[in-house]
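Below: the structure, in structure tokens.
The values are calculated or read from the model by the stated rules, or taken from the named source; none is laboratory data. Note that this is a predicted model, so its numbers are computed, not measured. Glycine also receives a Cβ, built like all others from the backbone with ideal geometry; neighbour counts cover every protein chain displayed. Just so you know, the surface numbers come from the protein's heavy atoms only, side chains and all, with ligands and any DNA or RNA stripped out. Shrake-Rupley method; radii C 1.70, N 1.55, O 1.52, S 1.80 Å.
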Amino acid sequence: MNVLSVLPFSILYFIATVGFYVVYYIFPYRKQVVLDNLRGSFPEKSEADIVKIEKQFFRYFNDLVVEVIKMNSISRSALKKRVKFTNLHLVEEYFSKNESVLACTGHYGNWELCMLALGAELSKPEYVIYKPLHNKLFDDWFYKIRTRFGNHFIPMRQTLRSIAATRNEATMYCFAGDQTPAGIEAHYWIDFMNRDTPVLMGLEKIAVQTNRPIFYFNAKVVKRGYYEVDCIPLCMDPKATEPMEITKMQFALLENILKEEPAYWLWSHKRWKHKRN
């Protein structure tokens, strides 16, 4: 993958286009999972519309793969040209007062490239909470490219320890809130995309405990390989919220995004594999 990374974007996108035909027509990759997720999430859409979104997703998914590979060699200047941020000054206003913030996003657009770019933009450290991959070699490679421009990636189970260790400095802790809890951890459920959906409560619990403001980062695909990330204030006073209010706010925002442009979410993920007891 390191060799592929040095190829120009034009060649990588050619590979992505070929890859679409391979994973869609020749060796289908999770097509049934994608179709089931789309049909359940958009019951009002016709089968023709569902298939159209499905094809758009698989085309973008292959772009996403080569863009992640390119992260291994992309320069800081090239990254800044491809990922632009709006309203990031809202976060920097807290940093200027030596105050910390929390951030969340979904597996939408190229969240990996955008988190890499965010670390290159912020004046204070960015800590991204993640689930380590089962394949240690791939996890090590992924960790290396994710942290090239100063980001810190913290395994999910070490979140509280890391927050405690950095409590005296201004930081941003980022959460991918649409991850699926393990079966034994599926204790909290909400209505999301017409589905009974288990959710993780880590972001909300930390926000209420620390009263750090929360921002949602929405990555919009401008054109192939170019993104605009909008920094959206989600909740500025977490301690004033009701239980599960923050989590519902986050998923309501993501649902609106998916209804507007559904093709860029990770529909191949088995998001609804758990059922409530």
Partner lysines for Lys136 [C-alpha distance under 26 Å; skip if fewer than 8 residues away on the same chain]: Lys70, Lys144, Lys270, Lys273
Above-threshold pairs, the threshold being 21 Å between Cα atoms, out of Lys97/Lys205; Lys124/Lys223; Lys131/Lys259; Lys80/Lys124: Lys97/Lys205; Lys124/Lys223; Lys131/Lys259
Partner lysines for Lys275 [C-alpha distance under 21 Å; skip if fewer than 8 residues away on the same chain]: Lys248
Placed amide H near Asp178: partners under 5 Å, 5+ positions off or other chain: His107
P(r) histogram, all alpha-carbon pairs of the chain included - 5 Å bins from 0, percent: 1, 5, 12, 16, 19, 18, 15, 9, 4, 1, 0, 0
Amide hydrogen neighbours beyond the local backbone of Ala170, cut-off 5 Å, H modeled: none
Placed amide H near Val222: partners under 5 Å, 5+ positions off or other chain: Tyr227, Glu228
Within the accessible area of segment 46-192 (1.4 Å probe), percent carbon and sulfur: 53
DSSP-loop chymotrypsin sites (Phe, Trp or Tyr not before Pro) across segment 29-66, with at most 15 other Cβ within 10 angstrom: Tyr29
Paramagnetic reach from Asn256 in segment 192-206 [backbone N under 19 Å; point 7 Å along Cα→Cβ]: 192-195
Cβ-based charge dipole, the chain, positive-most Cα from Ile145, His274, Ile214: Ile145
Helix-only mean residue ellipticity at 222 nm for the chain, each DSSP H run of n ≥ 4 adding -39500 (n - 2.57), per residue, nearest 500: -13000 deg cm²/dmol
Lys80/Leu7 FRET efficiency (R0 25 Å; Cβ-Cβ; nearest 0.05): 0.75
Percent antiparallel among DSSP beta bridges (both partners in segment 130-277, rounded to 5): 95
Bridge type composition, the chain - antiparallel percent by DSSP, nearest 5: 45
Selection of GluC sites (Glu not before Pro), segment 168-240, meeting DSSP coil and at most 11 other Cβ within 10 Å: Glu169
Segment Glu93-Trp141, extension gain: residue separation times 0.36 nm, minus the distance between their alpha carbons: 13.9 nm
In segment 27-107, the GluC sites (Glu not before Pro) that fall in loop regions by DSSP, at most 14 other Cβ within 10 Å: Glu44, Glu99
Residue-by-residue Karplus 3J(HN,Hα) for segment 205-211, coefficients 6.51, -1.76, 1.60, Hz, glycine and proline x: 4, 5, 4, 5, 5, 9, 6
In order through segment 112-118: 3J(HN,Hα) via Karplus (6.51 cos²θ - 1.76 cosθ + 1.60), integer Hz, x for Gly, Pro: 5, 5, 5, 5, 4, 5, 4
